[in-house]
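Working notes for the structure below.
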Amino acid sequence: MTLGLPSDARVAPRANIRRDTGTQRPHVPWAESIAGGLSRFAALPDETAARAELESRLAGLRAALLASPYYTRRLRDAGLHPGDLQTLADLRHLPKLERGTLARHWDEVPTPLSREDESVVVRSSGSTGEPVKVVRDRLDCLHMWAVLRFWLERARAVLPPRPRVVLLDALPGGLEYSVRLPILHDGALHRISVLRDDARERLCRVRPAVLFSDPEGLRWLSEQRDLPAPALILTSAQYLPQDTREALARTVPAPLLNYYATTETGPLAWECLGGPGRFHVLAPDVWLEPGLDEVVVTRLRPSVLPLLRYLPGDAGTVDRDACACGFHGWTLERFGGRGACHFTTPTGRTVDAWALAWVFKHHALRAFRLTQVERSRFELELAGAEASEVTPLCERIVAALRNLGWSEPPRLDVRHVSAEDLATSAKPLPFRSRVAAA
Amino acid sequence: MAFDVKNIQKQLTDVPLVSPYPHDLAVAIICDTFRLAGVRPPSRGDWEDLERRAKTPALWREQVVMLAYVLTSSTLGAETAAMLRKNTDSATVMKGFFVQVEPLTAEMIRSNAFRQEEFLRKWVHAVDGQVKDESTRETAARLKQLDYREALQEMQRAEAARRKEADKRAKDLADAAQRAADARGWRE
């Protein structure tokens, strides 16, 4: 049933859903070891011992850097070589990898692919106007499920046999599917779109043990009544407003875990269940360099895509921490994300502007900025956009805004500007609002 | 007496190279270091021989300048003079040193912490010195880790292996395409 879906909202791309889920089964021991490693590391109070263990993982990274055509060239050009990386302190002498560089060299950064890697290429959300193609091997694709085991343990959530996981989303297009999920205790994964009329009924029927959603999905969830409570709700909102948390807690009494992940890196940190604003780093799988004012990621887990000092474009400072929640390790604070921004609907409700980032994924844009000028008026600034791209992009934005709460199509003015006009000193700020929230 | 490489690197950070020394001045500085130790410095003929042996004479001149810079801008020069044995053959020391640092450019030594450390350690090795707080084995292991000559060869080997694999895949694909084309011919 798609009666609730506006005809012009069908903007989702064709999704390639992997059905050979039986191939997950051999990787269950690996998932257990990843979760076990994270768990053990989060209980390690001795920083010297923790650093020594992290440094023992650098050998794998060195081998991957040597096998990567991009890194071999990049390091040689700088008079460096992978063997220079012996300790975590050595990282500061090595070059950073910016998002734009990864976008340009996406096929040279990975190590040579073999058939056994079962690698795929996915695209990041394009939230900076420049989608990145990301090569992932099979374990990269399954890593989130391994980390979920760890988070379930942290949240003291107990799963039933054959747990059902729901991916509840509010993306335009209303994509839905169901697949088996052997990697998580022989469970199943159901993607449910809140845009569909029967979303609530499907959710009640599925009775999810775990529920992933975006902020718009959580808002929808908080407006429903008599829903089955999952053991854990997860979101990757980066910034999750307190009122959303409170409204959700009233409706669905389940722990809410907010995590930080990017398509390029996978999950990086999770927001402390005991206190918002503190994101505990998922070491030993990743290393986020302490003492800086931006997020700098080095992947320590083996992967077809070695990431050395990768800059996802997010602000934040990492420090060693012994948290009241019992976590020992490094914690990311003052995490800014990529310029948090909220738009205000005609009814006065605020929505996360980044819910629109998806719309920009399918347009080759050098730079853009969407500004809410009035409640029903937006301005889209584009730099270097092809004329043929503009009309379909505007149609998609208006359709996406309708899904977010603009029942009447808002006015959208387009202005062509130079890339310099949109340049920011640090991270991109593609969304802006000049409307005061009600 | 052992060389404190970390401290020497710190001293060099505090005294950055503003402009390179003229080549003759750099040669004079190096010769003075030997003289201070009571060792006969390399002769003019030795220097000409060193330049002749260099794979890239321009690069060799850069290394001479950088050696003079690290000797004068840190305690390395004084420490070298203090520990050199009287019977040291300076020409042999210099010959061995320049072979070891062969691929290092002035820019690498100036701005790259790893290559600077390698340059300093190879000097310490050339004058038969020891590194502070390290066993001989640890010093040798660190020198091996830092060895850019070996690293370049390793990176070239990796590059060649990648190219070979890419060529093999391209050939396999071409063969497969040819087989497919041949098979289609039979069916048609």
In debye, nearest 20: dipole of chain A around its Cα centre with unit charges on the Cβ of K, R (+) and D, E (-)? 740
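For region A:73-136, state the semi-axes of the equivalent ellipsoid (square roots of 5 times the eigenvalues of the alpha-carbon gyration tensor), sorted largest first and rounded to whole angstrom.
Result for region A:73-136: semi-axes of 25, 17, 11 Å.
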Farthest toward the dipole's positive end in chain A, which of A:Leu232, A:His143, A:His342, given Cβ charges of +1 (Lys, Arg) and -1 (Asp, Glu) about the Cα centre? A:Leu232
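Let me know the volume per residue of the alpha-carbon convex hull for region A:25-135, in Å³.
Details: hull volume 16.5 nm³, N = 111.
In region A:25-135, the Cα hull volume divided by residue count equals 149 Å³.
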In whole Hz and in residue order, list the ³J(HN,Hα) couplings for region A:268-281 that follow from phi through the Karplus curve 6.51 cos²θ - 1.76 cosθ + 1.60, θ = phi - 60°; x for Gly and Pro. 10, 6, 9, 6, 3, 5, x, x, x, x, 10, 9, 7, 6
Just to be sure I understand: with springs between alpha-carbon atoms less than 10 Å apart, which residue in A:Arg138, A:Arg18, A:Arg202 has the highest mean-square fluctuation in the Gaussian network model of chain A? A:Arg18
Dipole of region A:199-343, Cα-centred, from +1 at each Lys and Arg C-beta and -1 at each Asp and Glu C-beta, to the nearest 20 debye? 480
DSSP loop (so not H, G, I, E, B), at most 15 other Cβ within 10 Å: list which GluC sites (Glu not before Pro) in region A:135-227 pass both filters. A:Glu223
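Express the carbon and sulfur contribution to the solvent-accessible surface of the protein assembly as shown as a percent, rounded to the nearest whole number, probe 1.4 angstrom. Mind dumping the intermediate values first?
On the way: 14670 of 29050 Å².
Answer for the protein assembly as shown is 50 percent, counting heavy atoms of protein chains only.
So if R0 is 35 Å, what FRET efficiency would B:Asp133 and B:Glu154 give, r being the distance between their Cβ atoms, rounded to the nearest 0.05? Each step should come with its number before you reach the end.
Details: r = 28 Å, r/R0 = 0.81.
The pair B:Asp133/B:Glu154 has a calculated efficiency of 0.75.
State which entries of B:Lys10/B:Lys95; A:Lys96/B:Lys122; A:Lys96/B:Lys95; A:Lys133/B:Lys164; B:Lys122/B:Lys168; B:Lys10/B:Lys144 exceed 30 angstrom in Cα-Cα distance in the structure shown.
Details: B:Lys10/B:Lys95 27 Å; A:Lys96/B:Lys122 28 Å; A:Lys96/B:Lys95 37 Å; A:Lys133/B:Lys164 26 Å; B:Lys122/B:Lys168 40 Å; B:Lys10/B:Lys144 22 Å.
Violating the 30 Å limit, Cα to Cα: A:Lys96/B:Lys95; B:Lys122/B:Lys168.
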Of the candidates B:Leu67, B:Phe119, B:Leu104, the farthest towards the positive dipole end of region B:67-119 (Lys/Arg Cβ +1, Asp/Glu Cβ -1, centred on the Cα centre) is B:Leu67
Among the residues of region B:121-168, which ones have their accessible area go down by 40 Å² or more when all the protein chains sit together, as opposed to their chain alone (1.4 Å probe)? B:Gln145, B:Tyr148, B:Met155, B:Arg162
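Just the Kirkwood number for chain A, please: inverse of mean 1/r across all distinct Cα pairs, in Å, one decimal. Intermediate results must be reported in sequence, preceding the final value.
Working: mean 1/r = 0.0439 Å⁻¹.
It is 22.8 Å.
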Long-range amide H contacts for A:Tyr260: which residues qualify at under 5 Å (H placed 1.01 Å from N, peptide plane, sequence gap of 5 or more or a different chain)? A:Leu268, A:Ala269, A:Trp270, A:Glu271
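Take the Cα radius of gyration of region B:40-188 and divide it by 2.2 N^0.38 Å, with N its residue count; two decimals is plenty. Numbers along the way, then the final one.
Details: Rg = 24.2 Å, N = 149, 2.2 N^0.38 = 14.7 Å.
This ratio for region B:40-188 stands at 1.64.
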Starting from the Cα of B:Asn7, step 7 Å along the direction of its Cβ; do the same at A:Arg73; then give the gap between the two resulting points in nm. 4.4
Can you list the residues in region A:59-103 whose accessible area drops by at least 40 Å² when all protein chains are present, compared with the chain alone? Use a 1.4 Å probe, heavy atoms only. A:Leu66, A:Thr72, A:Arg76, A:Gly79, A:His81, A:Asp84, A:Gln86, A:His93
At 0.36 nm per residue, minus the direct Cα-Cα distance, what do A:Asp186 and A:Ala59 gain on full extension? Give it in nm, one decimal, please. 42.3 nm
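Can you give the net charge of the other residues whose Cβ lies under 15 Å from the Cβ of A:Leu91, counting K and R as +1 and D and E as -1? Don't skip to the end; give the middle numbers.
Working: positive: A:Arg51, A:Arg57, A:Arg62, A:Arg74, A:Arg92, A:Lys96, A:Arg299, A:Arg309; negative: A:Glu55, A:Asp84, A:Asp90, A:Glu289, A:Glu294.
So the surrounding residues net to +3.
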7 Å from Cα along Cα→Cβ at both A:Glu386 and B:Leu17: what's the point-to-point distance in nm? 4.9
Extending each Cα 7 Å along its Cβ direction at A:Arg377 and B:Asp89, get the distance between those two points in nm, one decimal. 8.8
Debye, to nearest 20: dipole size of region B:1-124, +1 on Lys, Arg Cβ, -1 on Asp, Glu Cβ: 240
Choose one answer from A:Ile183, A:Ile17, A:Ile397: the residue with the largest mean-square fluctuation in a GNM of chain A with alpha-carbon springs under 10 Å. A:Ile17
Centroid-to-centroid separation of region B:41-113 and region B:150-170 [C-alpha atoms, Å]: 33
Between A:Arg432 and A:Arg309, what's the calculated FRET efficiency when r is the beta-carbon distance and R0 is 25 Å? Round to 0.05. 0.25
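Quick check for you: with a 1.4 Å probe and neighbouring chains kept, what is the accessible area per residue of region A:248-388, in Å²? Walk me through the numbers on the way to the answer.
On the way: 4360 Å² over 141 residues.
Normalised by residue count, the accessible surface of region A:248-388 is 31 Å².
With a/c under 1.5 counting as rounded, go ahead and sort region B:52-134 into rounded, prolate or oblate using the C-alpha gyration tensor (a ≥ b ≥ c being the square roots of the eigenvalues; past the cut-off, prolate if a/b is larger than b/c, else oblate). The partial results should precede the final answer.
Values: a/c = 1.77, a/b = 1.22, b/c = 1.45.
In terms of gyration-tensor shape, oblate.
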Measure of compaction for region A:166-260 (Cα Rg per 2.2 N^0.38 Å): 1.01
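Once A and B are treated as a pair rather than alone, how much accessible area drops out, both sides summed, in Å² to 100, probe 1.4 Å? Mind dumping the intermediate values first?
Working: alone 18980 and 11560 Å², together 29050 Å².
What A and B bury together is about 1500 Å².
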Across region A:103-191, what fraction of all alpha-carbon pairs, as a whole percent, falls in each successive 10 Å bin from zero upward? 13, 33, 35, 18, 1
Candidates A:Pro110, A:Pro215, A:Pro29: whichever shows maximal mean-square fluctuation once chain A is modelled as a Gaussian network with Cα springs under 10 Å: A:Pro29
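The values are calculated or read from the model by the stated rules, or taken from the named source; none is laboratory data. In this text the structure is predicted, and so the values were computed from the model without any measurement. Virtual Cβ from ideal backbone geometry, glycine too; neighbours counted across all protein chains shown. For accessibility, only protein heavy atoms count, side chains too; no ligands or nucleic acids. Shrake-Rupley method; radii C 1.70, N 1.55, O 1.52, S 1.80 Å.
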